[in-house]
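Shown next, in structure tokens, is the structure this report addresses.
The values are calculated or read from the model by the stated rules, or taken from the named source; none is laboratory data. Only a predicted model underlies this, so the values are computations on that prediction, with no experimental measurement involved. Heads up, the Cβs are rebuilt from the backbone with ideal geometry, glycines too, and the neighbour counts pull from every protein chain shown. Only protein heavy atoms, including side chains, enter the accessible area calculation; ligands, DNA and RNA are left aside. Shrake-Rupley method; radii C 1.70, N 1.55, O 1.52, S 1.80 Å.
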Amino acid sequence: MHDARLENLLGAAALAINDVMLADVHGAGAVSGSSAAALVTLMESPGISVTDLGKRVRLTQSAAVRMVDSLAAAGLVGRSPGPGRLVSVNLTPSGRDTADRILAARARSLAELVSALDDAEREAMTSLLAKLLARLYAEIGDSNVLCRLCDRAGCTRSAVCPVGQAERDRKA
């Protein structure tokens, strides 16, 4: 059954949540959304190449190079030679602190939004979002892209990550 109202509500909520979250993330790190995602990604995957980092935050190679140049100029990342012609990217101590502040700001803004829900609604929403995320994984096909601004430890502390599970299921 086609439900235009549900689709419109979901679309409006997704955009508004993204706007609120990214405004708080930007305020915490004074970096763009892509740069914030890059810093968080480097917490989970230190030493990845500029190319891989760009793919994970959905930037072209040239845009990824410019982003890394900007982050390096700000003292948030450092580069080192990788295998062959690859360049590895790592967080500096300042970059790690910034990534921590970004995740904390993200958590605060999202916690504030879900505070409008009672316990039963939170449980229902958790289940529904897990199902939607598994479906999104089927479309996107890359957990590193889908979870580029996630607090991965927070997602798996008390449950199985639905995106990680969808990825494992696909590979099985």
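Quantify, in whole percent, the carbon and sulfur part of the accessible surface of the range 3-81 (1.4 Å probe; protein heavy atoms only).
Of the solvent-accessible surface of the range 3-81, carbon and sulfur hold 60 percent.
Accessible surface area normalised per residue over the chain is 61 Å², counting heavy atoms of protein chains with a 1.4 Å rolling probe. Here each label is just a point 7 Å from Cα along the line to Cβ, and for Ser127 and Asn18 those points are 2.8 nm apart. Using the average count of surrounding beta-carbon atoms within 10 Å as a protection proxy, the listed peptides 122-131, 75-84, 91-100 rank, highest first, as 91-100, 75-84, 122-131. The separation of the range 146-172 from the range 44-81, counted between C-alpha centres, amounts to 23 Å.
Across the range 161-169, rounded Karplus estimates of 3J(HN,Hα) from the backbone phi angles (6.51 cos²θ - 1.76 cosθ + 1.60, θ = phi - 60°) give 5, x, 6, x, 5, 4, 5, 4, 4 Hz, Gly and Pro being marked x. Matching the structure-derived Rg/Rh (Cα atoms, Kirkwood Rh) against the labelled list (1) 0.95; (2) 0.97; (3) 0.99 gives the label (3). Across the range 11-27, coupling constants 3J(HN,Hα) worked out from phi with the 6.51/-1.76/1.60 Karplus curve, θ = phi - 60°, read x, 5, 5, 4, 5, 5, 4, 4, 4, 5, 4, 5, 5, 5, 5, 4, x Hz, and Gly and Pro carry x.
Ranked highest first by average number of other Cβ atoms within 10 Å, how do 20-26, 60-66 line up?
Details: 20-26: 18.0, 60-66: 13.6.
Peptide ranking by packing, descending: 20-26, 60-66.
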